[in-house]
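Rule-based calculations on the coordinates, nothing more; no lab input. Since we're looking at a predicted model, the values are computed, not measured. Glycine gets a Cβ as well: all are built from the backbone with ideal geometry, and neighbour counts include every protein chain shown.
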Amino acid sequence: MRPWAVVALLTLAACEQSKDRPADPAAAAPARTQAAGASAGEATGALGAGAVDQAAGTLTREAAARARSSALAAASVAEAGAAETEVAAARLEAAAGHAAAAGSLTAKAPVTCMGSDDVELSGVVIDGGSGAAVNAVGSCSVVIKHSHLVSSRVAVMVAGSADVTIEDSVIEGKASSIVLAGSAEVSAKGTRFIGAKSMVGDSDWKDQGGNKFE
């Protein structure tokens, strides 16, 4: 084979070999690095935005929950304080009433009025214990003024056709302040009743004004 033909064949082989050879790694590396960095940056940015939004939403919900909890706690404390104040005021008022009664009223034993008796009580304090401070039965008549009658059960018991008048007094019974039964009649004015009022049968209650029931 002639020399020029050998040279041509060698040149063609070199060209074919350069086509199959991969690109220079050193030259291709910067491009690959730049592409990877761009993809990573985009992915990180998208993930970061979502994470921030989620975290912000969680913090907002937690803050709202803490605010509601604090408001409920404050309302509960205020309500408890108001209830305690009311109870304390009631106790002070009751203590003042008992002190006034003990200082200015005359202690007297429980009274029972029967038949056609007439009884008038004024400026007295009567503690009936577990019984009535005043027990009026039959057709008797009782007038109670400026007095304080107390019982652990019923302070004033009026039955039959008894007639009772109560003015400017305090009638205090844990079960009932006053009980009317039968055809009894009671007239009350300017009196404080601590305990329920009970009426049975054809009894008659005449409220002359200024009365207070507790």
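In which sequence would S130, S122 go, from the one with the fewest C-beta neighbours within 10 Å to the one with the most?
Numbers: S130 10, S122 14.
Ascending Cβ contact count within 10 Å gives the list S130, S122.
Which far-off residues, 5 or more places away or on another chain, put their amide H under 5 Å from the one on V142, with H placed in the peptide plane?
Long-range HN contacts for V142: V119, D163, V164, T165.
Highest first, please rank the peptides 154-161, 195-202 by the mean number of other Cβ atoms sitting within 10 Å of their residues. Walk me through the intermediate numbers first.
Numbers: 154-161: 24.1, 195-202: 15.0.
Put in order of decreasing packing, that is 154-161, 195-202.
Let me check I've understood the local charge: for V186, count other residues with C-beta under 12 angstrom from its C-beta, Lys and Arg +1, Asp and Glu -1. What total comes out?
-2
Can you tell me the Rg and the Dmax, both Å, for the Cα atoms in segment 106-213?
Every Cα atom of segment 106-213 included, Rg and Dmax give 11.9, 34 Å.
Within a 10 angstrom radius of the beta carbon, how do D127, D207 rank from fewest other beta carbons to most? Walk me through the numbers on the way to the answer.
Numbers: D127 18, D207 11.
Ordered from fewest to most neighbouring Cβ atoms within 10 Å, D127, D207 come out as D207, D127.
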